[in-house]
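The structure appears right after this line, and notes come after that.
The values are calculated or read from the model by the stated rules, or taken from the named source; none is laboratory data. Remember, it's a predicted structure, so these values are computed and weren't measured experimentally. Cβ placement follows ideal geometry from the backbone for every residue including glycine, while neighbour counts extend to all protein chains displayed.
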Amino acid sequence: MKFLSLYMFLFISIISIPALAQDKIELSVSTIDNKNIEISELYKKGPVLINFWALWCEPCKVEMRSLKILYEKYKDKGFTILGINQDSPKSVSKVRSYLSSQKIKFPIAIDPNSQLLQKFNGQSIPYSLLINEEGKIVYKSIGYLPGDEIKLEKEIQKLLEGKQ
Amino acid sequence: MILIIQKVIFAQSVVPSASNLLRYGDGERIFGTLKLKQKYFENLTDVRVSFPQSFTVGFRMLYDDPPEVGETFRGISRRYIEYNNANIYLRAGNSSALFGRGLALNLFENRGLAYDTWMDGVQLKYSPDFFNVTLLGGTIDYRDSVSITRHEIYKLRGGNFEFQPFDEILFGISYIYAEGKIPQGSVNSGIPPKNIKAEIPEFYFSLNLNKLSVYLDWSRKWTNLIENKISSTGWALYGAVSYLGEGYGVTLDYKNYSFDILDPYGRDDLSRPTRMLPFQNPPIVQKEHSYTLLTRALHEVNFNDEVGLQLDAFYALNDNTTLNFNTSFSSIHDRYELNGFTFNRIKRAGNFLPSFDKEFFPYYEVFLEGEHYYDISSAVRLAAAFRQYTFFNEFSFDKSSTVTSSFVIPVQIQNVFSGNYSLTFQSEHERVSEEFNGTTDKFFNHLITIINSFYSNLTATIRFEYTTSDKDVSGRKNWLSGEIGYRLMQSHVITASYGKERGGLACSNGVCRYIQPFEGFRLAILSQI
């Protein structure tokens, strides 16, 4: 009972932590093309969306399509996307093939053991985090439901307007 | 008090983040006429606290009592301290790890399957521009996912060196040394555990050109049984070639897993100490499906004795239409002939490729899916999959076999009516045939899922499954369930469901577990903060 009480305390504490209580994001990732990317280099230029996804996750692929459209629409204004693939070693070879067929041009990092997902306390995918030019998370989305892209676009526009 | 704690935390620029998963279920497990009450309560809290000077402390509090799968646990199940700055990453405590494609080492967790090979120890990584060095050492307390009361304990030491002279080329070498204690027989059998020492070196190479990528990974495993003074040697090879063009990509994967080729007596002994060890987990070289009826596996990958190929291709007909074709084919290497009470191994010429002959337990699969978007997120998906697995009874003189074939047609229509409402309709139809000694048992399964989504926050789902099979373990012919999901703010998802769930054999990363049928209420609250 004591343990359960402690748990309830911890649970309420977590719920009441401000949803976006994160420090400046510092992250170095290796892309699917064996290139290293510092995320700080990306957000210095404009808003960055980090999107965790996998080939086996059908909502991720639906979301990926709308992300591609948003990227094409706003990339010239400084917006970029960093996709972080969560496929395990068994299917990571197919990821490049999928990206090529979908003509996805934004960088994709691989995270076969979910180490990066854990850094952001992710337990399920798709999981998206929008980062402003100061490197702070300003918007999050767990899962994907049709219409999410409309909310996300509004957040991107807000950040881009603030940049001007 | 909570607010005070938070104020103190933020004032010192110490940044906490957390995720919480609460799962509760109350219902029954049904096996034919037998109904067993089942109640579970699980609360899992992962907390990370980042300090200045690149330090992070994290822990997992787990209250799993009574558990849905696995063992009862109350307390801190994970804790670690991490230092990550410039080229150096140091972590002490619990951690996962992956070398290459996992032929020598792949430490991961899948809670749904009660599979966890995370290590408790130290991991150091040094990554300047042209190379990476990783050293690790620790202990794995592994509970078998099929029989979770079996504990295997391994002391692990290892290292990995990756050299990347150019962006396009990478060479990797790994070495793992493990000492393990492997229980024999059932928990109360009184048979002492086997002590083993294992050495696993690995070499891999990766070439990533603009259009072509090649990956090759080879590993060898020596296992020494200390008490018996016996040693066993096995090896594994994995390769992948991908070619990319404008609007298409093709990948060919190859596996040749020979970690522990044994006759049928040895092969069926899951507690044998010479088999592939649980901290290894190579690619399965089969498609991982997202359609429900296709996720119920016909074939479990045998990492100790299996050779196979997979071809996967994506092709975009235009900006809105994509095709995905996948085919995979696997079998064991050699066949065995019963000679009295022992088996003679008959080597197969060309056993580096799979065989369709029934004596080699062939499994093959052909999958084709077309996806067409007629709006930003409104789409139609149509797929067809054929799978066939042959189980050969080597103990019978009449060379009997069971051939299970499955043909599945999934259809999904997802339509966004407005920014406030969308509807997804999914139908999966499966025809199954089981042939044994000239007799054929045929039945079909049909699953319908309807998902209503309101304001991108609220979902209402209905699932209905029907079968004509008389052999389902639950004794049922139909299963109906409903689910309500609500996304609260940006960080919380609440899901409640009620009804009957069929269960089945679920696999991930080559790890399989039978998910039992369930009838009752489930609640899940997920928070990622």
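Does at least one position in the stretch B:347-358 carry a residue that is surrounded by 21 or more Cβ atoms within 10 Å (Cβ to Cβ) and in contact (Cβ under 8 Å) with a residue 24 or more places away in the chain? Yes, the stretch B:347-358 contains a residue that is surrounded by 21 or more Cβ atoms within 10 Å (Cβ to Cβ) and in contact (Cβ under 8 Å) with a residue 24 or more places away in the chain. I need the full set of residues from the stretch B:147-167 which are farther than 24 Å from B:TRP222 by Cβ and surrounded by 15 or more Cβ atoms within 10 Å (Cβ to Cβ), in order please. Scanning the stretch B:147-167 gives B:ILE148, B:GLN164. Residues that are over 16 Å from B:ILE140 (Cα atoms) and crowded, with 20+ Cβ neighbours inside 10 Å within the stretch B:173-193 comprise just one, B:SER174.
Can you find a residue in the stretch B:356-367 that is within 13 Å of chain A (Cβ to nearest Cβ), among the acidic types (Asp, Glu) and in a strand (DSSP E or B)? Before the answer, list the steps.
Applying the first criterion (within 13 Å of chain A (Cβ to nearest Cβ)) to the stretch B:356-367 yields B:367.
Checking the rest, the ones that are also among the acidic types (Asp, Glu) come to none.
Among the residues of the stretch B:356-367, not one is within 13 Å of chain A (Cβ to nearest Cβ), among the acidic types (Asp, Glu) and in a strand (DSSP E or B), which makes the answer no.
The residue list B:SER290, B:SER232, B:SER330 contains one member that is of a type outside the set (Val, Ile, Thr), out of contact with any Cys (no Cβ under 8 Å at 6 or more places or on another chain) and within 14 Å of another protein chain (Cβ to nearest Cβ), which is B:SER330.
From B:ARG487, B:ARG513, grab the single residue that is within 30 Å of A:VAL138 (Cα to Cα), basic (Lys, Arg) and assigned to a strand (DSSP E or B). So that I can check it myself, show each step before the final result.
Numbers: B:ARG513 fails: within 30 Å of A:VAL138 (Cα to Cα).
Answer to the selection: B:ARG487.
In the list B:GLU202, B:GLU168, B:GLU179, B:GLU227, which residue meets the criterion of being farther than 30 Å from B:PHE343 by Cβ and either away from chain A (no Cβ under 14 Å) or without any contact (Cβ under 8 Å) to a residue 40 or more places away in the chain (or both)? Walk me through how you get there before you give the answer.
Details: B:GLU202 fails: either away from chain A (no Cβ under 14 Å) or without any contact (Cβ under 8 Å) to a residue 40 or more places away in the chain (or both); B:GLU168 fails: either away from chain A (no Cβ under 14 Å) or without any contact (Cβ under 8 Å) to a residue 40 or more places away in the chain (or both); B:GLU227 fails: farther than 30 Å from B:PHE343 by Cβ.
Result of the check over B:GLU202, B:GLU168, B:GLU179, B:GLU227: B:GLU179.
Got a sec? Which of A:GLY147, A:GLY143, A:GLY78 is on the phi > 0 side of the Ramachandran plot and more than 10 Å from chain B (Cβ to nearest Cβ)? Walk me through how you get there before you give the answer.
Working: A:GLY147 fails: more than 10 Å from chain B (Cβ to nearest Cβ); A:GLY143 fails: more than 10 Å from chain B (Cβ to nearest Cβ).
Just one listed residue meets the conditions, A:GLY78.
For the stretch B:326-340, the set of residues classified as closer than 16 Å to B:LEU262 by Cβ and not in a strand (DSSP E or B) consists of B:ILE332, B:HIS333, B:ASP334, listed by residue number.
Suppose we filter B:TYR40, B:TYR126, B:TYR80 for residues that are within 12 Å of chain A (Cβ to nearest Cβ), out of contact with any His (no Cβ under 8 Å at 6 or more places or on another chain) and modelled with pLDDT of 90 or more; which single one remains? Explain how you work it out, then say what you get.
Values: B:TYR40 fails: within 12 Å of chain A (Cβ to nearest Cβ); B:TYR126 fails: within 12 Å of chain A (Cβ to nearest Cβ).
Answer to the check: B:TYR80.
In the stretch B:501-523, of all residues being at pLDDT 80 or above and over 19 Å from B:PHE41 (Cα atoms), the one that is surrounded by the most Cβ atoms within 10 Å (Cβ to Cβ) corresponds to B:ARG502. Has the stretch B:489-500 got any residue that is surrounded by 15 or more Cβ atoms within 10 Å (Cβ to Cβ) and in contact (Cβ under 8 Å) with a residue 40 or more places away in the chain? No, the stretch B:489-500 contains no residue that is surrounded by 15 or more Cβ atoms within 10 Å (Cβ to Cβ) and in contact (Cβ under 8 Å) with a residue 40 or more places away in the chain.
One line per residue, one yes/no per condition, for (1) charged (D, E, K, R); (2) over 21 Å from B:PHE367 (Cα atoms); (3) modelled with pLDDT under 95; (4) within 27 Å of the chain's Cα centre (by Cα):
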| site | (1), (2), (3), (4) |
| --- | --- |
| B:SER406 | no, no, no, yes |
| B:PRO410 | no, no, no, yes |
| B:ILE413 | no, no, no, no |
| B:GLU428 | yes, no, no, yes |
| B:PHE436 | no, yes, yes, no |
| B:LEU458 | no, yes, yes, no |
| B:SER469 | no, yes, yes, no |
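Of the residues making up the stretch B:84-121, just one is of a type in the set (S, T, N, Q), touching a residue at least 40 places away in the same chain (Cβ under 8 Å) and more than 23 Å from A:VAL92 (Cβ to Cβ), namely B:ASN87.
Search the stretch B:242-262 for residues being more than 26 Å from B:ASP334 (Cα to Cα) and free of Cβ contacts under 8 Å to residues at least 60 places away in the same chain, and hand back the single one that is nearest to the other protein chains (Cβ to nearest Cβ).
The first filter runs over the stretch B:242-262 and keeps only residues more than 26 Å from B:ASP334 (Cα to Cα), leaving B:242-251.
This time we only want the ones that are free of Cβ contacts under 8 Å to residues at least 60 places away in the same chain, so: B:242-246.
Numbers: B:SER242: 5, B:TYR243: 8, B:LEU244: 4, B:GLY245: 7, B:GLU246: 8 Å.
Among those residues, the one meeting the criterion is B:LEU244.
Any residue at all in the stretch B:445-464 that is in contact (Cβ under 8 Å) with a residue 12 or more places away in the chain and among the charged types (D, E, K, R)? There is at least one residue in the stretch B:445-464 that is in contact (Cβ under 8 Å) with a residue 12 or more places away in the chain and among the charged types (D, E, K, R).
Every condition in (1) surrounded by 21 or more Cβ atoms within 10 Å (Cβ to Cβ); (2) on the phi < 0 side of the Ramachandran plot is met by B:GLY100 except one, and the failing one is (2).
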